[in-house]
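**Student:** The structure that follows is given in the form of structure tokens.
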Amino acid sequence: NGQEIFKLSGHTKRINAIAITPDNKYIISASADKTLKVWNLKNRAEVLTIKGHKCSVNAVVVTPDGRFVISGSSDTDIKVWDLNTGKEIATLGEKRDLKTILLQIEEDKDFDLDCIDSVYSLAVTPDSKKIIAGYDFGKIRVWDLENQVQIFSRKCEAPVIWSIAITPDGKYILAASG
């Protein structure tokens, strides 16, 4: 009937994204307060607070095998975390020098410095081996999780890739923008 069943509180700023583990045991929330929180769905208790991003955490996804939480942030990084410990396993991102950033700003006078290569959406392939990320400026990147390298990049006409999904067979990427 659409009634609220329960509410989880703990972040100090807005929640941008949520994910549920494949076994339905945990909820992971991503927040503008630069953290992720892992919540036990059964007793609704906070299990972990994960810190490590320098800016708002905009996206979160759990690998289909349930081992890792993957987060994307306005700090341009994708971070891979061990779900059980909250320990950071890897950081994926395109590190750019100041000259590249300044050239990009020069091209777009309305450029928002807080949104340089921000990650807004994430998906993981069914085999848990690749991460698909949607960025601002219409970028989609595919990362090899095991080798921690970018293996594909595509620029779309859209300003931001707000949501991204992959078909269950892993053959197609779908992106929503605006």
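**Student:** Do you know which of the residues in region 126-138 that are closer than 13 Å to Ile173 by Cβ and under 14 Å from the mean Cα position of the chain (by Cα) is surrounded by the fewest Cβ atoms within 10 Å (Cβ to Cβ)? Before you say what the answer is, go through the steps one by one.
**Tutor:** The initial filter retains those residues of region 126-138 that are closer than 13 Å to Ile173 by Cβ, namely 126, 130-134.
Now restrict to residues that are under 14 Å from the mean Cα position of the chain (by Cα): 130-134.
Details: Lys130: 19, Ile131: 27, Ile132: 22, Ala133: 25, Gly134: 29.
Per the criteria, the residue is Lys130.
**Student:** Here is a list: Asp23, Asp82, Asp65, Asp33. Which entry is open to solvent by 20 Å² or more (accessible area, probe 1.4 Å), touching a Lys or Arg at 6+ places or on another chain (Cβ under 9 Å) and within 24 Å of Pro126 (Cβ to Cβ)?
**Tutor:** When all the criteria are applied, what remains is Asp82.
**Student:** Considering each of Trp143, Trp162 in turn, give the residue that is open to solvent by 80 Å² or more (accessible area, probe 1.4 Å) and under 15 Å from the mean Cα position of the chain (by Cα).
**Tutor:** It is Trp162.
**Student:** Does region 26-34 contain any residue that is out of contact with any helix residue (DSSP H, G or I) (no Cβ under 7 Å at 6 or more places or on another chain), over 25 Å from Asp136 (Cα atoms) and among the charged types (D, E, K, R)?
**Tutor:** Within region 26-34, none of the residues are out of contact with any helix residue (DSSP H, G or I) (no Cβ under 7 Å at 6 or more places or on another chain), over 25 Å from Asp136 (Cα atoms) and among the charged types (D, E, K, R).
**Student:** Right, here's the next one. Give me a count of the residues in region 50-79 that are part of a loop (DSSP other than H, G, I, E, B) and touching a strand residue (DSSP E or B) at 6+ places or on another chain (Cβ under 8 Å). Walk me through it before giving the result.
**Tutor:** Going through region 50-79, the residues part of a loop (DSSP other than H, G, I, E, B) turn out to be 52-56, 63-67, 74-77.
After this cut, where a residue has to be touching a strand residue (DSSP E or B) at 6+ places or on another chain (Cβ under 8 Å) as well, the list is 52-56, 63-64, 67, 74, 76-77.
Here the count works out to 11.
**Student:** Further question on the same structure: Here are Ala133, Ala165, Ala158: which of them is in contact (Cβ under 8 Å) with a residue 60 or more places away in the chain and among the aliphatic types (A, V, I, L, M)?
**Tutor:** Answer to the check: Ala133.
The values are calculated or read from the model by the stated rules, or taken from the named source; none is laboratory data. Since the structure is predicted, the reported quantities are computational estimates derived from the model, not experimental observations. Heads up, the Cβs are rebuilt from the backbone with ideal geometry, glycines too, and the neighbour counts pull from every protein chain shown. Protein only, heavy atoms only, side chains kept; ligands, DNA and RNA dropped before computing areas. Shrake-Rupley method; radii C 1.70, N 1.55, O 1.52, S 1.80 Å.
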